[in-house]
Each structure stands twice: as C-alpha cells, then as structure tokens.
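Comments concern the structure below.
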Amino acid sequence: MLQTILSVLTNILFFAAIPVFVFGAYQQHKFFEEWREDHAQSLDWFTRGQRSVVAVLSNKLSDRCRDRRRKLFTAVATFLGLILVVGLLSAFQRSQ
C-alpha cells in the first residue's frame with residue numbers, strides 16, 4: 001500500500017515539475033528581452049550576447065528586470081526542489 005502511494009506521489013510531483021520548468025523558461029526569456037530593452041540598447045550584438053549570460057547576476061537592474069529575476073529564481077528553486085523530492089522518493093522506494 002505504501003509503495004503504491006509513494007509511486008503515485010512520485011509521478012504527480014514529476015509531472016508537476018514540467019509546467020514549473022516551462023514557467024521558468026518563459027521567465028528567463030522575458031528577463032533577457034526586458035534586459036535588452038532596458039540595459040543593452042547601445043551595445044553591439046557580440047557584446048550584448050556576452051553580457052546577457054551574466055545579466056541575471058547583475059546588481060544594476062531596472063525594477064522590472066529585478067521583478068522578472070525574482071520570478072525566475074523562484075521558478076528555478078521550485079523546480080529543483082520538486083526534482084530533489086522526486087529523487088528522494090525514488091531512492092526511498094528502491095530501498096524498500
């Protein structure tokens with residue numbers, strides 16, 4: 001009985017992680033779009049590409065970029081938390 005409950009819970013959490021991943025990818029896309037509009041208008045395409053990689057770690061962001069970064073980090077933390085719980089449940093199931 002416990003094995004069945006754990007199996008169902010593992011599947012539910014795994015499939016719940018998929019929309020969280022999609023939400024995080026959307027937030028990342030919107031962050032880079034807003035960052036380009038607010039901070040990278042004057043940069044050439046090569047420099048903009050280099051700086052966009054670390055833009056999410058910048059301290060000098062506009063308010064909307066900071067809000068988008070917060071949503072992105074929340075999505076990433078939620079996704080990693082769900083995957084961690086799925087991994088722990090899977091390991092627990094194998095040990096029984």
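The values are calculated or read from the model by the stated rules, or taken from the named source; none is laboratory data. Computed from a prediction, not measured in an experiment: that's the story for all the values here. So basically every Cβ, Gly included, is an ideal-geometry build from the backbone, and we count neighbours across all protein chains shown. In case anyone asks, the SASA skips ligands and DNA or RNA and just uses the protein heavy atoms, side chains included. Shrake-Rupley method; radii C 1.70, N 1.55, O 1.52, S 1.80 Å.
Within the set Thr74, Thr47, Thr78, the sole residue that is out of contact with any helix residue (DSSP H, G or I) (no Cβ under 7 Å at 6 or more places or on another chain), modelled with pLDDT of 95 or more and hydroxyl-bearing (Ser, Thr, Tyr) turns out to be Thr74. Here is a check on your reading of the model: is Leu72 assigned to a helix (DSSP H, G or I), closer than 30 Å to Gln3 by Cβ and not acidic (Asp, Glu)? So Leu72 does not fit the description; no. Listed by first and then second residue, the pairs with beta-carbon distance under 6 Å, at least 6 apart or on different chains, first residue in the stretch 73-96 and within 17 Å of Ala25 (Cβ to Cβ), second of a type in the set (S, T, N, Q) and surrounded by 14 or more Cβ atoms within 10 Å (Cβ to Cβ), are Ala75/Gln27. Restricting attention to the stretch 67-96, the residues being open to solvent by 100 Å² or more (accessible area, probe 1.4 Å) and among the charged types (D, E, K, R) number 2.
The set of residues in the stretch 37-52 that are surrounded by fewer than 16 Cβ atoms within 10 Å (Cβ to Cβ) and outside any loop (DSSP other than H, G, I, E, B) comprises Glu37, Asp38, Trp45, Phe46, Thr47, Gly49, Gln50, Arg51. In a residue-by-residue description of the stretch 53-69, the property of being under 22 Å from Ile83 (Cα atoms), in a helix (DSSP H, G or I) and touching a helix residue (DSSP H, G or I) at 6+ places or on another chain (Cβ under 7 Å) applies to at least one position. Taken over the stretch 20-29, the criterion of being open to solvent by less than 80 Å² (accessible area, probe 1.4 Å), more than 14 Å from Arg69 (Cβ to Cβ) and not small (Gly, Ala, Ser) is satisfied by Val20 alone.
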